[in-house]
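These notes are about the structure you will find just below.
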Amino acid sequence: MTKDQFVRSFAEENGVSIKAAREQVNAVLDHILVVVPTLADGEKLDFTGIVSFKVKDVAARTVRNPKTGDEVQKEATRKVNASVKATLKNAVKA
């Protein structure tokens, strides 16, 4: 399902126009993009039963270039982990 299909489905389900549905969906997605990078270490953004987002620090490390075999130092960074919840997993299995 694409974002456009999701918006149309959301509009139908909630009895709103496609334009209004698109604005609402975009507002939620934009806010997620604002909130997730600002989460403190270990803090989560949890959509109960669907997905949870957590920001983790990744330490600097030495990696190997698979093409040349050279070792390269990779900088420390932060990454976002998304964890799908059991309710969503079970809905897919059903």
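Structure above, values below:
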{"quantity": "Count of residues meeting criterion [touching a residue at least 40 places away in the same chain (Cβ under 8 Å) and closer than 20 Å to LEU88 by Cβ] in region 6-53", "calculated": "1"}
{"quantity": "Residues located in region 58-70, provided they are charged (D, E, K, R) and in a strand (DSSP E or B)", "calculated": "ARG61, ARG64"}
{"quantity": "The one condition in (1) modelled with pLDDT of 90 or more; (2) in a strand (DSSP E or B); (3) farther than 25 Å from VAL28 by Cβ that ASP46 fails to fulfil", "calculated": "(3)"}
{"quantity": "Top-ranked residue of region 79-91 - restricted to ones that are under 14 Å from the mean Cα position of the chain (by Cα) and surrounded by 11 or more Cβ atoms within 10 Å (Cβ to Cβ), ranked as modelled with the lowest pLDDT", "calculated": "VAL80"}
{"quantity": "Subset of region 42-69 (residues that are within 30 Å of THR87 (Cβ to Cβ), hydroxyl-bearing (Ser, Thr, Tyr) and surrounded by fewer than 13 Cβ atoms within 10 Å (Cβ to Cβ))", "calculated": "THR48"}
{"quantity": "Residue match in region 15-29 (condition: acidic (Asp, Glu) and at pLDDT 95 or above)", "calculated": "yes"}
{"quantity": "Which listed residue, of VAL28, VAL36, VAL55, is assigned to a helix (DSSP H, G or I) and under 30 Å from VAL72 (Cβ atoms)", "calculated": "VAL36"}
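The values are calculated or read from the model by the stated rules, or taken from the named source; none is laboratory data. Keep in mind that this is a model prediction, so the values were computed, not measured. Quick reminder, even Gly has a Cβ in these numbers, built from the backbone with ideal geometry, and neighbours come from all protein chains shown.
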